[in-house]
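Accompanying notes for the structure given below.
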Amino acid sequence: MLNSSLKQLSALLAAKKISSTELTGEFLRRSRALNPDYNAFISINEEASLAQAGAADRIIASGCAQPLTGIPVAQKDIFCTRGWRTTCGSRMLSNFISPYDANVVERFNAAGAVNIGKTNMDEFAMGSSNETSFYGPVKNPWDVTAVPGGSSGGSACAVAARMTPAATGTDTGGSIRQPAALCGISGMKPTYGLVSRYGMVAFASSLDQAGPMAKSAEDLALMLNVMAKFDARDSTSLEREPEDYTRDLDKPLEGLCIGLPKEYFVSEISEDVARAVEAAIAEYRKLGAKTVEVSLPNTKLSVPVYYVLAPAEASSNLSRFDGVRYGYRAPQYDGLADMYRKSRAQGFGAEVKRRILIGTYVLSHGYYDAYYLQAQKLRRLIAQDFAEVFTHCDVIMGPTSPTVAFDLGEKSSDPVQMYLSDAYTIAVNLAGLPGMSIPVGFGNKNRPVGLHIVGNYFTEAQMLNVAHQYQLATGWHLQIPVNRKSQTGLEPKNAERF
Ligand code: GLN
């Protein structure tokens, strides 16, 4: 059961081999057992999850099940979830019980999926290691001395450790793909605007995009079918005909043209990662694809451009947290201005404050032209690089992250080193393109390596096909990290049944 695909779980539910209540119960038990080791969940609410599972069982019994009805899905704690605490990894929202659901949560509820818990994350999605969470770092299930990546590290860990069959994430500069790579799972950031941002706590609105995280590309496709839909409440939501993202999964890859940017295979990439990525590309050649060298000359500008634009947007978005209507309020203060000051000083962590300071600086009078405006122009050049490359290849491939998971604490005192771990993912957000990561082997210390696949706008179905064909031919996505507890009887007793 732990390795069953969403389709297999759905078939078991339809055949009444298991009920959603039993399935949810098994994953809840496993999550409870493993969470003290991994800290993947901020909130688990058995009662609420089992009530949803019971409702799903009634839908299944009535014959009205959809593909995800009755299947547990964890929600990143950035998505407002009615009746649940939604913290965004921050002390600022530690007391916030959302009165409404984010669009993503609504969509999964409407599909009959079961919310199995809210996953840990870097504070306000700012980070690449999950160490900025107010609720403590998440551990990498492959090695608990390593980070899981960030900011959707809780979701990546929960899927990798099989505490949930699937989870949601958000990606502003790499936060779905980088933790997916570091934890050995599959994750996709769709084209900007495909999934509504309504009810998703805003970090950098022109870059933020929600997406699915799961074991396989096939599972991602089923989740994207649920998540991608026009929503008038998000002004950047795209009004498009709904697509079936599973439609191309089985197409052969004969004739596929893969672009390999020469800037991606440079000295910054560690040898173990390069080896696994090259082996994956060799596998693609065996599957009938051809490769061409391409160039993205402005790639090197993406990290500096991002660290002007994202903090600028964050400084504006986070100004709403003032301790007045909701969120954290300092217990003692002297007047209104002091209440704002103390609430923000105590409610935000160091990385969030750093970003607010940078953002306020680059937007301030006298510096706006030199930084913000300049960065916007470079953003355009970065997008043009991709447009040019996609005139002569179908997808781009490279490493998702320059290294495998690093040790906890290794980069936390050096923000620039931390920022560079998103060197390959950030440009994709700046251009608004879809990107994904799939597991393609292991590197140093037996830690997972991810392959980054980038496609042109709205080519998600093709990218999922490209990833699925690789997963049919290889078994990296089915590897499960071993937990001491899972070897001592905490595995679901009836695992064989499934
Ligand atoms: N690691 C990047 C940052 O810290 C990206 C985060 C994200 O995608 N949410 O901003």
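The values are calculated or read from the model by the stated rules, or taken from the named source; none is laboratory data. None of these values were measured; they are calculated from a predicted model. All Cβ positions, even for glycine, are placed from backbone atoms using ideal geometry, and neighbour counts span all protein chains on display.
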task = State whether the residues of the stretch 88-111 include one that is touching a Phe, Trp or Tyr at 6+ places or on another chain (Cβ under 7 Å), among the small types (Gly, Ala, Ser), under 19 Å from Gly149 (Cα atoms) and not in a helix (DSSP H, G or I).
result = yes
task = Please state which one of Ser421, Ser437 is closer than 18 Å to Ser152 by Cβ, at pLDDT below 95, within 16 Å of the ligand (Cβ to nearest atom) and among the polar types (S, T, N, Q).
result = Ser421
message = Quick check on my filter: what residues within the stretch 116-139 are touching a helix residue (DSSP H, G or I) at 6+ places or on another chain (Cβ under 6 Å), under 17 Å from Ser31 (Cα atoms) and outside any loop (DSSP other than H, G, I, E, B)?
response = Ile116, Thr119
task = Could you tell me which residue of the stretch 403-418 is surrounded by the most Cβ atoms within 10 Å (Cβ to Cβ), considering only residues that are at pLDDT 95 or above and closer than 17 Å to Ile269 by Cβ?
result = Ala405
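Being surrounded by 24 or more Cβ atoms within 10 Å (Cβ to Cβ), within 16 Å of the ligand (Cβ to nearest atom) and among the aromatic types (Phe, Trp, Tyr) is true for just one of Phe124, Phe134. Which residue is that?
Step by step, each of Phe124, Phe134 is checked, and only Phe124 is surrounded by 24 or more Cβ atoms within 10 Å (Cβ to Cβ), within 16 Å of the ligand (Cβ to nearest atom) and among the aromatic types (Phe, Trp, Tyr).
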query = What about Tyr100, is it in contact with a Cys (Cβ under 7 Å, 6 or more places away or on another chain), aromatic (Phe, Trp, Tyr) and more than 13 Å from the ligand (Cβ to nearest atom)?
reply = yes
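Please go through the stretch 219-247 and pick out each residue that is in contact with a helix residue (DSSP H, G or I) (Cβ under 9 Å, 6 or more places away or on another chain), closer than 19 Å to Asp101 by Cα and not β-branched (Val, Ile, Thr).
Once the filter is applied, which keeps residues that are in contact with a helix residue (DSSP H, G or I) (Cβ under 9 Å, 6 or more places away or on another chain), closer than 19 Å to Asp101 by Cα and not β-branched (Val, Ile, Thr), the stretch 219-247 yields Met223, Leu224, Met227, Ala228, Lys229, Asp231, Arg233, Asp234, Ser237.
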query = Any idea which of (1) farther than 18 Å from Phe27 by Cβ; (2) more than 12 Å from the ligand (Cβ to nearest atom) is the one Ala161 doesn't satisfy?
reply = (1)
ask   = Pairs under 7 Å by beta carbon, first residue on the phi > 0 side of the Ramachandran plot in the stretch 151-175, partner within 16 Å of the ligand (Cβ to nearest atom) and not hydroxyl-bearing (Ser, Thr, Tyr), six or more apart or different chains?
value = Gly174/Asp422; Gly174/Ile426
query = Which residue pairs have Cβ atoms closer than 9 Å, lie 6 or more positions apart in sequence or on different chains, and pair a first residue in the stretch 339-366 that is within 22 Å of Asp414 (Cα to Cα) with a second residue that is within 14 Å of the ligand (Cβ to nearest atom) and among the aromatic types (Phe, Trp, Tyr)?
reply = Phe348/Phe124; Gly349/Phe124; Glu351/Phe124; Val352/Phe124; Arg355/Phe124; Arg355/Phe203; Arg355/Tyr307; Ile358/Tyr307
request  = Within the stretch 379-389, count every residue that is under 18 Å from Ser206 (Cα atoms) and either surrounded by fewer than 19 Cβ atoms within 10 Å (Cβ to Cβ) or touching a Lys or Arg at 6+ places or on another chain (Cβ under 9 Å) (or both).
outcome  = 4
request  = Tell me which of these Asp394 doesn't satisfy, since it passes every other one: (1) within 16 Å of the ligand (Cβ to nearest atom); (2) touching a helix residue (DSSP H, G or I) at 6+ places or on another chain (Cβ under 9 Å).
outcome  = (1)
task = Determine whether the stretch 416-423 contains at least one residue that is in contact (Cβ under 8 Å) with a residue 12 or more places away in the chain and over 30 Å from Thr291 (Cα atoms).
result = yes
ask   = When Val303 is evaluated against the numbered criteria (1) closer than 24 Å to Thr87 by Cα; (2) within 16 Å of the ligand (Cβ to nearest atom); (3) in contact (Cβ under 8 Å) with a residue 60 or more places away in the chain, which criterion, by number, is the only one it fails?
value = (1)
request  = Would you be able to tell me the number of residues in the stretch 1-29 that are basic (Lys, Arg) and in a helix (DSSP H, G or I)?
outcome  = 2
key: Residue ID - surrounded by the fewest Cβ atoms within 10 Å (Cβ to Cβ), chosen from residues in the stretch 175-184 that are within 21 Å of Asn465 (Cα to Cα) and within 16 Å of the ligand (Cβ to nearest atom)   = Gln178
key: Candidate set from the stretch 329-366 (those that are within 15 Å of the ligand (Cβ to nearest atom) and not in a helix (DSSP H, G or I)); member that is surrounded by the most Cβ atoms within 10 Å (Cβ to Cβ)   = Phe348
query = Is it the case that Leu207 is part of a helix (DSSP H, G or I) and of a type outside the set (Phe, Trp, Tyr)?
reply = no
ask   = Do we find that Glu218 is of a type in the set (Asp, Glu), more than 16 Å from the ligand (Cβ to nearest atom) and either farther than 23 Å from His477 by Cα or modelled with pLDDT under 95 (or both) in this structure?
value = no
request  = Restrict the check to the stretch 267-275 and report whether at least one residue is touching a Leu at 6+ places or on another chain (Cβ under 6 Å), more than 16 Å from the ligand (Cβ to nearest atom), under 21 Å from Ile396 (Cβ atoms) and assigned to a helix (DSSP H, G or I).
outcome  = no
inquiry  = Take Leu256 and tell me if it is surrounded by 23 or more Cβ atoms within 10 Å (Cβ to Cβ) and either at pLDDT 95 or above or among the charged types (D, E, K, R) (or both).
reply    = no
ask   = Do we have Gly149 as assigned to a loop (DSSP other than H, G, I, E, B) and more than 12 Å from the ligand (Cβ to nearest atom) here?
value = no
